[in-house]
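Every number here is computed from the coordinates shown, using simple stated rules; none is lab data. In this text the structure is predicted, and so the values were computed from the model without any measurement. With ideal geometry, Cβ positions are generated from the backbone for all residues, glycine too; neighbour counts draw on all protein chains shown.
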Amino acid sequence: MRYCAAVLALAVAALFVAALQGEPAPTPSVVPVTWELDFKYQDPQPIAVTLPDGSKKTFWYMLYTVANRTGADRTFIPDFTLYTDTGRIYRSGVAVPAVVFDAIQKNVNNPLLVDQTSITGKILQGEDNAKDGVAIWPDIDPEARAFDSFIGGLSGEEAKIALPASQPGAASTKVILRKALRLQYAMPSEPAARAANPPKLVDKSWVMR
């Protein structure tokens, strides 16, 4: 499986910095050490949507439910970023017309489903206050055969790293890494087969990024 430069950069940036300092790269705690929201999701899938100008385009979406069982109200600021093995980067909600959400909501028949803007904010405690959301991306590169989806905003765990000074005497720069969920998928080889053959989850892990 090929990995794009962007994914490699995300995966090894902490390693590189830590190596320069002679320290191990930060990794998420096996057992949560701070608050962590409960996150349930469905694998990404495509949908063809007719836009207001009459054109028809394909978008990808991931349905999810987020619940707060942390013992206190939390602020949820979701971040869904998708990286393909061809070097393409997609941020959810970017270049996605509002009609796409409407089409997805109609397709899944869930009146409680909310878009990324609406779900951002305070999540009250308890299962009764869980929220149904959706991450939406433009169509994935037809040449891609794999992609990684990083989901941020689910945990309060973070680690600070000091980047080496750019020159002698200069102050070092602090970088904050936050715990994120990483989902790795393989895709059918032919774009035309994607609708009938959904991506296959290859690996699921927590990372600091």
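So the values come out like this:
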quantity	calculated
Structure-derived Rg and Dmax of the Cα atoms in Å - corresponding label in (1) 17.6, 53; (2) 18.8, 60; (3) 18.6, 67	(2)
Residue-count net charge about GLU190 - beta-carbon cut-off 12 Å; Lys, Arg +1, Asp, Glu -1	+1
CD proxy at 222 nm, helix term only [per DSSP H run n ≥ 4: -39500 (n - 2.57); per residue of the chain; nearest 500]	-4500 deg cm²/dmol
With at most 16 neighbouring Cβ atoms within 10 Å, loop chymotrypsin sites (Phe, Trp or Tyr not before Pro) (DSSP) excluded, longest segment of the chain	36-209
Rounded to 10°, Cα long-axis angle of helix 5-21 versus longest principal axis of the chain	20
Crossing angle, helix 98-108 versus the chain [Cα axis fit, 0-90 degrees, rounded to tens]	70
The chain: most fluctuating residue of VAL175, VAL30, VAL100 per GNM, C-alpha cutoff 10 Å	VAL30
Members of LYS122/LYS179; LYS131/LYS160; LYS174/LYS200 lying beyond 25 Å, as alpha-carbon distances in this model show	LYS131/LYS160; LYS174/LYS200
Residue with peak Gaussian network fluctuation, the chain [Cα springs, cutoff 10 Å], from PRO78, PRO28, PRO164	PRO164
Spacing of the two label points (7 Å from each Cα toward its C-beta) at LYS200 and ASN109, in nm	3.1
Whole-Hz couplings from phi, Karplus 6.51/-1.76/1.60, listed for segment 144-155; x for Gly and Pro	6, 10, 7, 8, 10, 10, 9, 10, x, x, 8, 9
